[in-house]
1. For the stretch 1-37, which residues satisfy the criterion of being over 50 Å from the mean Cα position of the chain (by Cα) and either without any contact (Cβ under 8 Å) to a residue 12 or more places away in the chain or assigned to a helix (DSSP H, G or I) (or both)?
2. Only one residue in Arg262, Arg271 is within 19 Å of the chain's Cα centre (by Cα), at pLDDT 90 or above and within 18 Å of Pro138 (Cβ to Cβ). Which one?
3. Got at least one residue in the stretch 236-247 being at pLDDT below 90 and assigned to a loop (DSSP other than H, G, I, E, B)?
4. Restricting attention to the stretch 212-222, report how many residues are crowded, with 16+ Cβ neighbours inside 10 Å and assigned to a strand (DSSP E or B).
5. Conditions: (1) surrounded by 17 or more Cβ atoms within 10 Å (Cβ to Cβ); (2) over 15 Å from Gln72 (Cα atoms); (3) in contact with a His (Cβ under 8 Å, 6 or more places away or on another chain). Val33 meets all but one. Number of the miss?
6. Kindly list, by first and then second residue, each pair from a residue in the stretch 180-208 that is more than 14 Å from Thr260 (Cα to Cα) to a residue that is of a type in the set (Asp, Glu) and part of a loop (DSSP other than H, G, I, E, B), limited to pairs with Cβ atoms under 7 Å and residues at least 6 apart or on different chains.
7. If Ala184 satisfies every condition in (1) farther than 21 Å from Asp202 by Cα; (2) surrounded by fewer than 15 Cβ atoms within 10 Å (Cβ to Cβ) but one, which is the exception?
Amino acid sequence: MSWRRLPPLHAVRAFEAAARHLSVTRAAGELGVTPGAVSRHVRALEAELGKPLFLRRATGLELTTAGAALAQATREGLDRIADATSGVKLRRLRRLSVGVYGFFASRLLLPLWPALRAAHPTLEIDLHTSLNPLDLLPGRYDAVIAVADAAPRAGLVTQALVPIATVPVCAPRWMKQGAPDFGAVPLLHARPRPDDWRRWLDHIGMASIPAQGGSSFESIGLAIEAAEAGLGFAMAIEALLGPDLARRMIVVADPRARPTRRHFVLQYEARLDDDPALTAFAAWLRAQLNPEGGRVATGEVGRGRRPEKPHPVMVDLDRKSSRSRS
């Protein structure tokens with residue numbers, strides 16, 4: 001950086017105050033110095049610039065053309081210095097644009113939104129939801145909440161939020177006769193995750209059971225709603241089950257969750273890593289979804305009931321739902 005030749009700051013401050021008040025006396029009162037000190041600073045500045053800054057008349061001070069130009073520049077410069085030193089917390093955070101996987105938004109993020117507003121009342125966020133992974137690219141938004149592994153990627157910051165593990169769910173009436181025979185019950189499929197049933201059956205050692213056939217739906221949410229209506233068994237993401245289980249319209253049909261290598265992640269370009277608004281949102285999101293600071297364990301869930309060790313946010317949502325029913 002090139003060296004700047006600047007006049008003494010105390011001279012600049014004295015001139016700016018005198019120019020604003022058009023009075024040496026009032027400038028001295030504002031700065032807490034004598035009128036003589038203000039006059040000396042102004043004369044020193046005029047000597048350095050080689051131009052008069054004031055016309056000194058019997059009725060008071062009047063800015064010259066050079067003085068008026070310098071007064072505007074010094075006022076803007078001192079205002080910027082004051083803004084910079086007032087601290088980041090006193091400045092309004094910029095508005096963020098965040099792309100979010102739709103099912104994550106409906107099951108986790110939106111129920112937590114009032115807590116975000118309370119914690120960060122000046123933080124403004126535009127949400128853009130999609131079920132299409134190609135829509136959730138970090139370059140299109142300030143940040144995205146998407147499905148990915150937690151592996152480092154050049155130029156990106158990736159923060160794992162909750163792991164993805166799948167479990168089967170159904171309406172409670174399907175469990176009245178005990179453990180289901182997955183080879184004899186209708187399997188409901190979510191088209192964005194067409195292989196969930198095949199992979200889960202293989203994971204629990206039932207590779208011989210066919211996974212094809214049955215109704216299919218455009219989203220996991222619709223497949224779960226179909227399961228609630230009694231159409232059959234749907235495959236759900238364990239970490240997002242809290243709101244559905246809280247309504248007691250579905251239950252977990254088998255305790256064996258299939259873990260995956262993928263997570264819901266917060267992802268954004270590394271150049272935004274020190275952005276105050278994004279930093280605030282990321283820290284709040286991590287605190288809400290993983291308050292202990294470690295990785296969220298998937299755990300196993302009991303057949304026909306809720307997870308034994310549900311995600312802490314899901315516990316809170318369940319409690320709120322129970323209070324609303326009582």
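The values are calculated or read from the model by the stated rules, or taken from the named source; none is laboratory data. Quick caveat: nothing in here was measured; it's all calculated off a predicted structure. Reconstructed Cβ throughout: ideal geometry from the backbone, glycine too, with neighbour counts over all protein chains shown.
1. Of all residues in the stretch 1-37, those over 50 Å from the mean Cα position of the chain (by Cα) come to 23-25, 34-37.
Passing the criteria: Val24, Thr25, Thr34, Pro35, Gly36, Ala37.
2. Residue meeting the stated conditions: Arg271.
3. yes
4. 1
5. (3)
6. Close Cβ pairs (under 7 Å, with a partner that is of a type in the set (Asp, Glu) and part of a loop (DSSP other than H, G, I, E, B)) amount to Arg191/Glu218.
7. It fails just one condition, (1).
Rundown of residues vs (1) in the same structural domain as His263 (by TED's automatic domain parsing); (2) more than 24 Å from Phe264 (Cβ to Cβ); (3) modelled with pLDDT of 95 or more; (4) assigned to a strand (DSSP E or B), yes/no style:
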position: Val162; (1), (2), (3), (4): yes, no, no, yes
position: Val167; (1), (2), (3), (4): yes, no, yes, yes
position: Gly178; (1), (2), (3), (4): yes, yes, no, no
position: Leu188; (1), (2), (3), (4): yes, no, yes, yes
position: Arg199; (1), (2), (3), (4): yes, no, yes, no
position: Pro210; (1), (2), (3), (4): yes, yes, no, no
position: Ala227; (1), (2), (3), (4): yes, no, yes, no
